[in-house]
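The next block holds one structure in the form of C-alpha cells; read it before the comments.
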Amino acid sequence: MSERPYVIDQMISAKSIAARIEELCGEIRTEYSDTDKLVVVGLLRGSFVFIADLVRELDLPVEVDFLEASSYGNSMESSREVRILKDIRGEIEGRDVLVVEDIVDTGYTLNHVMHLLEARHPRKIKTIALLDKPSRREADITADWIGFSIPDEFVVGYGIDYAQRNRNLPYIGKVRFTG
C-alpha cells in the first residue's frame, strides 16, 4: 500500500492527555474500590500507550492482559468485520475487568469484544476509551469512560497509527493529506 503524503496537526496535547488520565483514574478507583485485583484488558495495538499510562496512575492492584482485534488492517476505514487475532491469556470469570480501547469509531470492535468477554462471566466489566467519535457510531455501544470526544477526523499518535506509523507521537494529531 502506498501512502498519500500527509502532515499531522496536533489536536490534543500530551499535557491534556495526562491531565485527563488523572481525572479518569480517580473515577475508576472509586468504581473498583472493592476489588482485590482489577484485570485491565488492553485492545492491541492502539491502546498500548494509553494502558501503560492508565495502570501507572490507577493505584489499585492490577493484572494486565491483552486482546488483539482487527477491523481496519492498514486501511483508514473499518471493514466492520471484527477478527480476534490474539485472545487474553487469563481467566476473567468472577473477576473485575476494565477493557481499554484507544478509539471508539463505528463501535463494531468494542461491541464484539464486550460480547466475547461478557460470555466469560466477569463479576464486573467496564470500558474506557481514550477517544470517541460519536458521529461515526454504527454499533449500539458507548464506553463507560471517555477521555475525549472528537469529530470525524483521522487521527494518529499516542499509540494510534496510520499504516503502522506515528504511534510514537506523544500527542493526538489529525492527519491532513497534502497530495
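How far, in nm, would the chain grow between residue 154 and residue 176 when pulled straight, counting 0.36 nm per residue and subtracting the alpha carbon separation?
7.1 nm
If you keep only loop residues by DSSP, which GluC sites (Glu not before Pro) in the range 55-135 have at most 15 other Cβ atoms within 10 Å of their Cβ? Each step should come with its number before you reach the end.
On the way: sites: 57, 63, 68, 77, 81, 91, 93, 101, 118; in loops: 77, 81, 91, 93.
The qualifying sites are 77, 81, 91, 93.
Calculate the spin-label point distance for residue 3 paired with residue 52, positioning each point 7 Å from the Cα along the beta-carbon direction, and give it in nanometres.
Roughly 2.0 nm, to one decimal.
In which sequence would 158, 171 go, from the one with the fewest C-beta neighbours within 10 Å to the one with the most?
Going from sparsest to densest Cβ surroundings: 171, 158.
Using helices alone, what [θ] at 222 nm do you get for the chain, with -39,500 (n - 2.57) per DSSP H run of 4 or more residues, divided over all residues and rounded to the nearest 500?
Rounded to the nearest 500, the figure is -7000 deg cm²/dmol.
With 10 angstrom as the radius, rank 109, 178, 35 by how many other C-beta atoms surround their C-beta, starting from the fewest.
Fewest-to-most Cβ neighbours within 10 Å comes out as 178, 35, 109.
Kindly write out, for the range 127-137 in residue order, the coupling ³J(HN,Hα) from the Karplus curve 6.51 cos²θ - 1.76 cosθ + 1.60 (θ = phi - 60°), rounded to whole Hz, with x marking Gly and Pro.
Using θ = phi - 60°, the values come out as 10, 9, 10, 5, 10, 9, 10, x, 5, 9, 4 Hz.
Using Cα atoms only, what is the angle between the long axis of helix 14-31 and the major principal axis of the chain, expressed in degrees (0 to 90) to the nearest 10?
Tilt of helix 14-31: around 20 degrees.
Mind giving me the nanometre distance, one decimal, between the label points for residue 119 and residue 33, set 7 Å out from Cα along Cα→Cβ?
3.6 nm
Quick one: length gained pulling residue 23 to residue 163 fully straight, 0.36 nm per residue minus the C-alpha distance?
Answer, rounded to one decimal: 47.3 nm.
FYI, it's all coordinate maths here, none of it is from the lab. These numbers were taken from a predicted model, which means no experiment stands behind them. Methodologically, a virtual Cβ is constructed for each residue, glycine included, from the backbone with ideal geometry; neighbour enumeration extends over all protein chains shown.
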